[in-house]
Amino acid sequence: MMLDSVGIQRIVPQTGAMCLLEAVTRWDATQIVCRALPPNAAHPLARDGVVPAVAAVEYAAQATAIHGALLNNATAPQAGLLAKLTDVTLDCDSVPVNGGPLNVQAALVSASAAGCLYTFKVTTVLGPIAQGRLMIAFSRTA
């Protein structure tokens, strides 16, 4: 199943402008590839009209949330927290506005009831923006 922005907003905690991904282009049990529109000055993470490259982590975290929801056939968002970033490389200072759509890839490394670990890479046709690893911790429910 591929998703558009409406379907994505049903299964991730982010809504409105903070839902940064516009489509799921491919996914399977171990990875997901999403697309996002190039940023503009009104982007929710822009500072002085520029989206810093570190914002790529948020794109990746949202891709992992979508992947988890798809794996679990979720119909509503699951609470989670970006708990740890490692091996992050920023390949530029900011997300290019003229690089076309962003390509957001995330690959599942491990998962448990407590959380999951993914590698990620965010690129445009101009080249890489950021890559690394992120850990998501799931909220405990009573």
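Values for this structure:
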{"quantity": "Residues of segment 65-102 that turn out to be closer than 21 Å to PRO38 by Cα, in contact with a Lys or Arg (Cβ under 8 Å, 6 or more places away or on another chain) and of a type in the set (Asp, Glu), as a count", "calculated": "0"}
{"quantity": "Listing of strands (runs of 3 or more DSSP E) fully contained in segment 50-142 that carry 2 or more residues being polar (S, T, N, Q)", "calculated": "80-90, 102-111, 115-124"}
{"quantity": "Count of segment 101-124 residues which are of a type in the set (S, T, N, Q) and touching a Ser or Thr at 6+ places or on another chain (Cβ under 9 Å)", "calculated": "2"}
{"quantity": "Hits in segment 87-123 - residues which are hydroxyl-bearing (Ser, Thr, Tyr) and in contact with a Leu (Cβ under 6 Å, 6 or more places away or on another chain)", "calculated": "SER110, TYR118"}
{"quantity": "Residue pairs meeting the criteria (Cβ under 8 Å; at least 6 apart or on separate chains; first over 15 Å from VAL109 (Cβ atoms) and hydroxyl-bearing (Ser, Thr, Tyr), in segment 119-142; second modelled with pLDDT of 95 or more and part of a strand (DSSP E or B))", "calculated": "THR123/LEU102; THR123/ASN103; THR123/GLN105; THR123/ILE129; THR124/LEU102; THR124/ASN103"}
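The values are calculated or read from the model by the stated rules, or taken from the named source; none is laboratory data. Here the structure is a predicted model, which is why all the values come from computation and not from measurement. When we count neighbours, we look across all protein chains shown, and the Cβ atoms used for this are built from the backbone with ideal geometry, even at glycine.
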